[in-house]
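Worksheet for the structure shown next.
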Amino acid sequence: MNDVGGIGADRLRSFVERIERLEEEKAALTADIREVYAEAKGNGFDTKVMRQVIRLRKMETADRQEQEALLDLYKRAVGLVA
């Protein structure tokens, strides 16, 4: 292992290269996700609502229920719901 200034250069290079590969994979996945949203939009789906559904599905049930209850309360408070 090459040490440069007390740093294991080979180990550092390995970390940097792994991160670079992961960044490339992430960019490819982002492009794939964009394509799926475009396809859904082309089939008449509202992608903003789809994004909200996906965000809600990631949440824990209790957190989601709490957020929905607060949203309902706020909507009633400002007169959006009778």
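The values are calculated or read from the model by the stated rules, or taken from the named source; none is laboratory data. The shown structure was predicted, so the numbers you read here are calculated from the model rather than taken from an experiment. FYI the Cβ positions are ideal-geometry reconstructions off the backbone, even for glycines, and counts take in every protein chain you see.
Residue pairs whose Cβ atoms lie under 9 Å apart, sitting 6 or more positions apart in sequence or on different chains, and linking a residue in the stretch 67-82 that is in the same structural domain as Arg55 (by TED's automatic domain parsing) and hydrophobic (A, V, I, L, M, F, W, C) to a partner that is part of a helix (DSSP H, G or I) and surrounded by 11 or more Cβ atoms within 10 Å (Cβ to Cβ), are Leu80/Tyr74; Val81/Asp72; Val81/Lys75; Ala82/Arg76. Please tell me if Ala9 is modelled with pLDDT under 95 and on the phi < 0 side of the Ramachandran plot. Taking the combined requirement at face value, the residue satisfies it.
Taking the stretch 37-50, which residues are within 27 Å of Leu71 (Cβ to Cβ) and either without any contact (Cβ under 8 Å) to a residue 12 or more places away in the chain or assigned to a loop (DSSP other than H, G, I, E, B) (or both)? Walk me through it before giving the result.
The first filter runs over the stretch 37-50 and keeps only residues within 27 Å of Leu71 (Cβ to Cβ), leaving 37, 40-41, 44-50.
Residues satisfying the conditions are Ala40, Lys41, Gly44, Phe45, Asp46, Thr47, Lys48, Val49.
Here Asp3 meets the list (1) in contact with a helix residue (DSSP H, G or I) (Cβ under 8 Å, 6 or more places away or on another chain); (2) surrounded by 11 or more Cβ atoms within 10 Å (Cβ to Cβ); (3) modelled with pLDDT under 95 almost entirely, failing just condition (2). So, in the stretch 51-82, of the ones that are outside any helix (DSSP H, G or I) and within 22 Å of the chain's Cα centre (by Cα), which residue ends up surrounded by the most Cβ atoms within 10 Å (Cβ to Cβ)? By that ranking, first place goes to Met59.
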